[in-house]
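Worksheet: one structure, shown below.
The values are calculated or read from the model by the stated rules, or taken from the named source; none is laboratory data. This one's a predicted model, so the numbers in the text were calculated from it and none came from an experiment. Reconstructed Cβ throughout: ideal geometry from the backbone, glycine too, with neighbour counts over all protein chains shown.
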């Protein structure tokens, strides 16, 4: 009887081991040769006067090395005109090769980065939508008011008196230290921006124009492949600090008062120096700026992709934390991506505040936001 029980136990253990081995074997097999949607996704840089032969060669080379997905990434040096008929002819060829080789081709939504200007086509179409920021300058005497001046303050210890009205009326503002808060507008024609400039992503209509100029041409030609050979679109570091100051747009002050019940302009000094109720003002200001960024950039982009069977992926300025100027709340932005992502660049381990490879905070924020929204995929770019 005892021997029978031992034999039965041995048979049971062997059977259990056999059952356990099958999933492990499956895991090893899938890990070694995953479906194309789980393969490494390299950025395929286009920065030349591309030929059909080059496209065919590189697609075959990717496939020969086990790569099943690529992202076409325009970079400086590109001689093939961006978003031209020739550009899309090459894209069509890449898709034909992808069909032959069972690969995917992703859209990178910009000519280099940061996303938003569409290689210069957005500022060309909307020349008044220049990136604009708030900046501050100190002086020992009352400054001359200019068109771009938003407010002037006389600083006395931890107090800031708004003397803008006095200066406009030609009255004496009194002795002290002065802080002038002004708008800085990006009007520099830069080669990086296609001979134009970066745009104001908080301005209503800019995102819609960007999508119309960037993704719509792909949809018009290859819309039948959206959600198939073209899984989605990658955005790269769109931000609100294009000219090195704090976020601003034409209706921000009005939206601030509507949102919080008090006027922003008399409190602008609190954004730059610890005067007045600066903690409250900064919290309210950056929270509103991020809400507008979601409302006017992330949400329209997310909804466009959902409507057109694309996954919206990419990243913002998570590596700049805790600086709020570029993007006030990166984690909140992740909620408006079907596939939220972050940068993990340089392949050099570090744990500093602005580290990427080794930054646990970035990873936990991304994972948390994705879990809360039910998004199963969170690709890091490394």
Looking only at segment 165-182, which residues are loosely packed, with under 14 Cβ neighbours inside 10 Å and at positive phi? 170, 174
Select from segment 258-284 the residues that are under 19 Å from residue 182 (Cα atoms) and assigned to a helix (DSSP H, G or I) and list them in ascending order. 265, 266, 267, 268, 269, 270, 271, 278, 281, 282
Can residue 287 be described as surrounded by fewer than 18 Cβ atoms within 10 Å (Cβ to Cβ), outside any loop (DSSP other than H, G, I, E, B) and touching a residue at least 40 places away in the same chain (Cβ under 8 Å)? yes
Suppose we filter 191, 138 for residues that are under 32 Å from the mean Cα position of the chain (by Cα) and loosely packed, with under 14 Cβ neighbours inside 10 Å; which single one remains? 191
Can you tell which of 276, 314, 261 is over 30 Å from residue 231 (Cβ atoms) and touching a strand residue (DSSP E or B) at 6+ places or on another chain (Cβ under 9 Å)? 276
Name the pairs: first residue in segment 29-53 and on the phi < 0 side of the Ramachandran plot and touching a residue at least 24 places away in the same chain (Cβ under 8 Å), second residue exposed (fewer than 12 other Cβ atoms within 10 Å of the Cβ) and part of a helix (DSSP H, G or I), Cβ to Cβ under 9 Å, at least 6 apart or on different chains? none
Result of the Cβ filter at 6 Å on segment 241-254, keeping first residues that are over 14 Å from residue 291 (Cα atoms) and partners that are in a loop (DSSP other than H, G, I, E, B), at least 6 apart or interchain, is 241/325; 241/326; 242/131; 242/186; 242/198; 243/131; 243/186; 246/325
Got at least one residue in segment 177-185 being farther than 12 Å from residue 269 by Cβ and in a loop (DSSP other than H, G, I, E, B)? no
Specify which of the listed residues (250, 244) is at pLDDT below 95, assigned to a loop (DSSP other than H, G, I, E, B) and surrounded by fewer than 20 Cβ atoms within 10 Å (Cβ to Cβ). 244
Can you tell which of 101, 145 is without any contact (Cβ under 8 Å) to a residue 60 or more places away in the chain, surrounded by fewer than 22 Cβ atoms within 10 Å (Cβ to Cβ) and out of contact with any strand residue (DSSP E or B) (no Cβ under 8 Å at 6 or more places or on another chain)? 101
Across segment 208-235, which residue is nearest to the chain's Cα centre (by Cα) among those that are farther than 15 Å from residue 103 by Cα and part of a strand (DSSP E or B)? 235
